[in-house]
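Enquirer: Quick one: this structure, given as structure tokens, is what I'll be asking you about.
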């Protein structure tokens, strides 16, 4: 809010109201679509948090808007906005790994949906308006690249080749407990070997007769 207040003071209310007046009533559906966009992405971020009850939808919406403000006012794009969202999720009770996992998952979902909509929009424009050959070639090339991205992402998700641990970044408790039991068994085996008495010569070779020099009682 402080950034918006500073921006409003720098530009002046008259400039902003003049721009709104020029746009007219068309600004209302623009504002509604923009609000629906952020509300939907906040819902996606809320759904990507695995620990229920830690982060609410209101917190997810506030984190979403905070990251968008940083992205718009610093001109850094997602390079600074997404880590900021992960840090804000940590402040709400998650670990930093869980915050980054939820943030990156939501960003990848948005990229997936954006790529699909871009392919549909480019193909519609090429078929509907029939631009010049150069523009058509560029549009078709971009559409093909986005289609390859969608296919590769679908194959990766289907075959479970995850680049990001969507479920958890912590090691599985089942495997940790199993490894712990195996280590304990190995330690007990070593202790038993150390405590066991050394075998006697007669036990090592039971069919060998005893030496006469060590026989007892001595012969008469």
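Enquirer: Restricting to segment 105-123, what's the tally of residues that are in contact with a helix residue (DSSP H, G or I) (Cβ under 7 Å, 6 or more places away or on another chain) and closer than 25 Å to residue 66 by Cα?
Expert: Matching residues across segment 105-123 total 7.
Enquirer: Out of all the residues in segment 13-49, which are within 30 Å of residue 105 (Cβ to Cβ) and at pLDDT below 85?
Expert: Hits for segment 13-49: nothing passes.
Enquirer: Assess whether residue 108 counts as being closer than 18 Å to residue 50 by Cα, surrounded by 11 or more Cβ atoms within 10 Å (Cβ to Cβ) and modelled with pLDDT under 90.
Expert: Taking the combined requirement at face value, the residue satisfies it.
Enquirer: Can you name the condition, by its number, that residue 61 falls short on among (1) surrounded by 13 or more Cβ atoms within 10 Å (Cβ to Cβ); (2) touching a helix residue (DSSP H, G or I) at 6+ places or on another chain (Cβ under 7 Å); (3) more than 17 Å from residue 107 (Cα to Cα)?
Expert: Exception for residue 61: condition (3).
Enquirer: Filter segment 46-56 down to the residues that are over 16 Å from residue 95 (Cβ atoms) and either surrounded by 14 or more Cβ atoms within 10 Å (Cβ to Cβ) or in contact with a strand residue (DSSP E or B) (Cβ under 7 Å, 6 or more places away or on another chain) (or both) and list them by number.
Expert: Hits for segment 46-56 are 46, 47.
Enquirer: Regarding segment 12-35, can at least one residue be identified that is surrounded by 13 or more Cβ atoms within 10 Å (Cβ to Cβ), in contact with a helix residue (DSSP H, G or I) (Cβ under 7 Å, 6 or more places away or on another chain), part of a helix (DSSP H, G or I) and in contact (Cβ under 8 Å) with a residue 40 or more places away in the chain?
Expert: no
Enquirer: May I pose another question? Looking at 49, 126, which is the one that is in contact (Cβ under 8 Å) with a residue 40 or more places away in the chain and in contact with a helix residue (DSSP H, G or I) (Cβ under 7 Å, 6 or more places away or on another chain)?
Expert: 49
The values are calculated or read from the model by the stated rules, or taken from the named source; none is laboratory data. It should be emphasised that the depicted structure is a prediction, and the values quoted were computed from it without experimental measurement. So basically every Cβ, Gly included, is an ideal-geometry build from the backbone, and we count neighbours across all protein chains shown.
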